[in-house]
């Protein structure tokens, strides 16, 4: 009796641990992610509110690091080696409005590169919790 | 002096440029009929406008609903600060058309003024995507009804009060992974027909805790569809007019919200307001709802 209840429960618990690369596929794998990130880093310095923070960034290096990060988050075969989010944004006193502005630029880039809306939100769901390391409350 | 005013002007200009622009599309909800941010019928834990951390924002709205027997118009505004506090005001005018003709009151308008405050207690409905905890807010709506020539009957034999306060606790969560927003609101209220028929009755002065549920699916950055269900008290069910004469039902709607940009949104809905004074008009009041909101 206990077994019949426990087994499905254990299977359920095990599910999230399984490698799921459906988001990675939906984004068109690494090339698809890179295309969005190239677009994204082109748009960032032009943004009215947060653009000035990205004037000095090397677009190629930045896009490459972001690609690794999103590829890993999406379940792809990548391993992000870039700076820790908390350390990278320390002392910047970013507000939630700055964070959301960045999300908006990303949304524009994702839409321009034809990422389906549901796949956009699935990626944002992985990125959004980073607000705790980035935004100064 | 001149320098100071120049400085002030530039500070204000900076504030205006940043005011109410820091939140993502539709994450301030739309304006409820009662003025607070939420769905159409139910206040949510979200604060209105696009004011993010440290920002001020404002919204203004106009709403019209037409059912088979009645018409309802509302308008109002809300002020939000820091994704934390929201203040709102709304006016409603309910057109009873010819339903009250048997009482000698054809064309009577029931009016109501509502002031509201909402305080976010915890959570971030949108950004805390890896947690199940919702954004939680506590809200208050103070309502004052102006039932016109129906007033003496309402506050006399029916025993309702003209003004009343509602308290609500709202929990909102955006399941970003599924592009789905859910909201549960618990409202403590004595309002009859949302307050348009006053508060409580001669036979029933108790507060009721009523649940309200909203679901919204984001289809595109600018487009959401959803449904709402709102339970209501029923204090006038037993009255001197006979049991059931003023029975009220729960409210339902199915809506579509479209926001072409951060300053403008439209909400259209099919509403079911249940029976309203069934002794005078026994039909369920189904109809259309249209609302426009400006945000700054």
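Taken together, the values in this text are just the output of simple stated rules run on the coordinates, not laboratory data. In this text, all values refer to a predicted model and were calculated from it rather than measured experimentally. A quick note on method: Cβ atoms are made from the backbone with ideal geometry, for glycine too, and the neighbour counts reach across all protein chains shown.
I'd like the mean, over residues of A:100-106, of how many other protein chain beta carbons sit within 10 Å of each residue's own Cβ.
On the way: counts 11, 5, 0, 4, 7, 0, 0.
Mean shielding count: 4.
Any idea what angle helix B:2-18 forms with the longest principal axis of chain B, computed on alpha-carbon atoms, 0 to 90 degrees, nearest 10?
Its long axis makes an angle of about 70 degrees.
What value, in deg cm²/dmol to 500, does the helix sum -39500 (n - 2.57) over DSSP H runs of n ≥ 4 give at 222 nm once divided by the residues of the protein assembly as shown?
Result for the protein assembly as shown: -7500 deg cm²/dmol, rounded to the nearest 500.
For the stretch A:21-134, evaluate the Debye formula with one uniform point scatterer on each Cα (no solvent term) and list log10 I(q)/I(0) at q = 0.16, 0.23 Å⁻¹, rounded to two decimals.
Normalising to I(0) and taking log10 leaves -0.72, -1.59.
Mind checking the mean number of beta-carbon atoms from other chains within 10 Å of the Cβ atoms in A:121-131?
6
Which number comes out as Rg/Rh for the protein assembly as shown once both Rg and the Kirkwood Rh are worked out on C-alpha atoms?
Details: Rg = 25.2 Å, Rh = 23.8 Å.
Rg/Rh: 1.06.
How would the stretch B:188-286 be classified by its alpha-carbon gyration tensor: rounded, prolate or oblate, with rounded meaning a/c under 1.5 and the a/b versus b/c comparison settling the rest? Each step should come with its number before you reach the end.
Details: a/c = 3.12, a/b = 2.30, b/c = 1.36.
It comes out prolate by the Cα gyration axes.
Across all directions of projection, what mean area in square nanometres is found for the Cα convex hull of the stretch B:13-127?
Seen from a random direction, the Cα hull of the stretch B:13-127 projects 8.3 nm² on average.
Determine the shielding of peptide B:49-57 by partner chains: average, over its residues, the number of Cβ atoms on other chains within 10 angstrom of each Cβ.
Mean partner shielding for this stretch: 3.
How do B:249-256, B:228-235 rank on mean C-beta neighbours within 10 Å, highest first?
Packing order, densest peptide first, comes out as B:228-235, B:249-256.
Between the stretch B:52-120 and the stretch B:140-209, what is the separation of their alpha carbon centroids in Å?
Centre-to-centre (Cα) distance: 13 Å.
In a GNM of chain B with a 10 Å cut-off on Cα contacts, which of B:178, B:263, B:142 has the highest mean-square fluctuation?
Maximum fluctuation in the GNM of chain B, among the listed residues, is at B:178.
Inverting the mean 1/r over all pairs of different Cα atoms, compute the Kirkwood radius of the stretch A:14-78 and quote it in Å. Show your work: numbers first, answer last.
On the way: mean 1/r = 0.0786 Å⁻¹.
For the stretch A:14-78, inverting the mean 1/r across all distinct Cα pairs yields 12.7 Å.
According to the Kirkwood expression over distinct Cα-Cα pairs, how big is the hydrodynamic radius of chain B, in Å?
19.7 Å
Using mean Cβ contacts within 10 Å as the protection proxy, how do B:207-217, B:22-32, B:77-87 order, highest first?
B:22-32, B:77-87, B:207-217
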